[in-house]
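Only one structure is covered here, and it is reproduced in the block below.
No value in this document is a laboratory result; all are computed from the given coordinates. Quick caveat, the model's predicted, so the values are computed rather than measured. Cβ: placed from backbone, ideal geometry, glycine included. Neighbour counts: every protein chain shown.
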Amino acid sequence: MQKILVTGGLGFIASNLIEKLLKKYYVINVDKVSYASNFYNTKDYKHKKNYKFIKLNIQNKKKFQKLLFKFKPVCIFNLAAETHVDRSIDGPISFINSNIIGTFNILEAVKNYYKFYKKIKLIHISTDEVYGDVLYGRSKENHSYNPSSPYAASKASSDHLVNSYIKTYNIPAIITNCSNNYGPRQHPEKLIPKLIYNIISNRSLPIYGDGKNSREWIFVTDHCDALIKIFKSGKVGETYNVGSNINVNNIDICKSLLKIAQKNINIGKKVKIKFIKDRPGHDRRYAIDSNKIIKRLKWKPKVKLIDGLNETFNWYLNNKKYYRSINIKDVTRRIGKI
């Protein structure tokens, strides 16, 4: 059985990806176990014979390199990253260390490993936020980077590092830039799971500014399918945008969740939309053009937004034990202010 190494595997996207990979591969989950890491995310497959968890910070280049030589994976999916924009406003140093230094260490390890074992591919997972505010149209893969937050800048830096190692050292790597993900297992510091938590917990629903910030949403399993497709059929050295090509305003996401909640629970009196002061550098709109992966790799998203929101709401409603595994202060307190 071929081996695949996934970094950040206790996180949201990576844990969903591992679940799919386990159907055909032996998966090594490497995670440093931070506040956003959650063993609840891997509880359904943690005892599988073709799954192994290793606690390791990717900033430890020597140990990470030893893992490569020990397990000889055919692919590394790099999803280890600090991702919350508000946190990057309060404390950018952790984003520099994880997203830039961590990626550098992975690249160095892969560079050294590739000298001896050629059957390896690095899939570096990034974000649409590197393109910055896109008021009109949709960003293609050759669009210039214009990040607004320390988070987006750190991911842009990591993308540039990967590209440089492809060109200078010929390492077999691919970059993906994905739109906003949502679905089961996402930390409730992010918009959709936070709104769901507040609805379930009879709390007000905080919306930045006027709520008209527009985001492109993709269900997490669609993203995972795209990543596997890119691993199997993607061209080394290329970049692929992964999205739904559909944008929705934050306020409309909130209203949709309220409609879903009304069908499932008795909503408390405190559950009301509350507009709050906008965060610094808040981009108005993200939008990417995913036609490249659709046309060249024959991938397309399958889950409609309303269906994905329903599935996501019901997952949190039926997995209330999940909330016991996180620090609720990470959900309820306001961060990202200056």
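Laid out as a table, the results:
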item: Per-pair calculated FRET efficiency, R0 = 41 Å: Glu311 and Thr168 via Cβ, rounded to 0.05; result: 0.40
item: Degrees separating the helix 191-200 axis from the principal Cα axis of the chain, which is the longest one; result: 40
item: Residues with amide H under 5 Å from that of Asn180, placed H, sequence gap 5 or more; result: Glu216, Ile218
item: With Cα atoms, 0 to 90° folded angle of helix 150-169 axis to the chain main axis; result: 20
item: Placed amide H near Tyr240: partners under 5 Å, 5+ positions off or other chain; result: Ile175, Thr176, Asn177
item: Magnitude of the charge dipole, the chain, Cβ model with Lys/Arg +1 and Asp/Glu -1, debye to 20; result: 1180
item: Helix-derived mean residue ellipticity, 222 nm - over the chain, DSSP H n ≥ 4, -39500 (n - 2.57), to 500; result: -11000 deg cm²/dmol
item: Paramagnetic label zone (point 7 Å from Cα along Cα-to-C-beta, Lys298; backbone N under 17 Å) in region 225-244; result: 225-235
item: Antiparallel bridges, percent of DSSP beta bridges restricted to the chain (to nearest 5); result: 10
item: For the chain, diffusion coefficient by Stokes-Einstein and Kirkwood Rh (Cα), 4 °C, 1.567 mPa s, µm²/s; result: 64
item: Note, ³J(HN,Hα) from phi for region 72-81, Karplus 6.51, -1.76, 1.60, rounded to Hz, x at Gly and Pro; result: 6, x, 7, 8, 10, 9, 8, 10, 6, 6
item: Inter-probe distance in nm under a simple model that places probes 7 Å from Cα toward Cβ, at Phe69 and Ile54; result: 1.2
item: Förster-model FRET efficiency, 22 Å R0, Lys115 and Lys229, C-beta, rounded to 0.05; result: 0.20
item: Extension gain (nm, one decimal) between Asn291 and Thr332, 0.36 nm per residue minus Cα-Cα; result: 11.0 nm
item: For peptides 229-241, 271-283, sequence by mean Cβ density within 10 Å, most packed first; result: 229-241, 271-283
item: Nearest-ten-degree value, helix 12-21 long axis tilted from longest Cα axis of the chain; result: 50
item: Under-5 Å amide H pairs with Arg285, H placed in peptide plane, nonlocal only; result: Val134, Ser214
item: Antiparallel bridge percentage (DSSP; both residues within region 177-331; nearest 5); result: 25
item: Integer Hz, Karplus 6.51/-1.76/1.60 couplings in order for region 127-142, x for Gly and Pro; result: 9, 6, 5, 5, 7, x, 5, 10, 6, 9, x, 9, 6, 8, 4, 8
item: Length released on extending from Val33 to Glu238, taking residue separation times 0.36 nm less the Cα-Cα span; result: 70.7 nm
item: Unit charges on C-beta of K, R, D, E only; dipole of region 186-261, Debye; result: 120
